[in-house]
C-alpha cells in the first residue's frame, strides 16, 4: 500500500503541472484564435473545416508587429497622437481610456517601474509577513494627506492567484527589499511557499 501511495503521489506531481500548463496554453491559443474573424469569411470557413489551431497566435503577433512598426515612425506617432486626443474628448470613454492607458504604459514601457521589485511586508497585521511588489510611490494630494514622508505604493497579491490582490501605501522603512527576481517571487506566491527561491537574501529597508 505504501508503494502504491508513493507511485500515485509521484504520478500526480508529474501529471498535474503538465495538465494545468496545457490547459492554460489551450485557453490562450483559443482566445487568440478569436482574432481570425478579421479574415475573409471564406478563409474562416476553410480554417473551421480543417480545424487549424494556433493561427490566431500568428495573426495576433503579426497585428502587433504591424501596429508597433506604424506607431514607431513619424507619421504613425502623429496619427496616434491625433486619435488619442479625440478619444480623450469623449465623456466617460476618456476616463476609462486614460486609466487603462496609464496602467499599460507603466506595465509595458521599457522605462516602467511596475512590478520590478519584490518586498517583504507585514500583512494583514503586524507579525504576519508576505511578499508584495512595489508599483511606484504616492504623490500629489495623496502624499500630502499622508503627511509627507517616504512612502511606497505596494501591490499585495493573493495566493495562488496573484492577479487578485490589494493596493496599499506603506512607509519605505516598513518594506524589506528582496534580491530575488519578480519571477522567483511570483513562483513563490503561486506555489504557496512550496517552491522556495534558492540563495535569495534580503536587504534591510531604508
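The values are calculated or read from the model by the stated rules, or taken from the named source; none is laboratory data. Just so it is clear, the model here is predicted, and its values are computed rather than measured. Methodologically, a virtual Cβ is constructed for each residue, glycine included, from the backbone with ideal geometry; neighbour enumeration extends over all protein chains shown.
Note on the range 156-178: among residues that are within 24 Å of residue 24 (Cα to Cα) and surrounded by 12 or more Cβ atoms within 10 Å (Cβ to Cβ), the one that is modelled with the highest pLDDT is 156.
Taking the range 144-195 as the range and being part of a helix (DSSP H, G or I), more than 10 Å from residue 118 (Cβ to Cβ) and within 17 Å of the chain's Cα centre (by Cα) as the test, the residues that pass are 187, 190. Note on the range 1-52: among residues that are outside any helix (DSSP H, G or I) and either in contact with a strand residue (DSSP E or B) (Cβ under 9 Å, 6 or more places away or on another chain) or surrounded by 12 or more Cβ atoms within 10 Å (Cβ to Cβ) (or both), the one that is modelled with the lowest pLDDT is 52.
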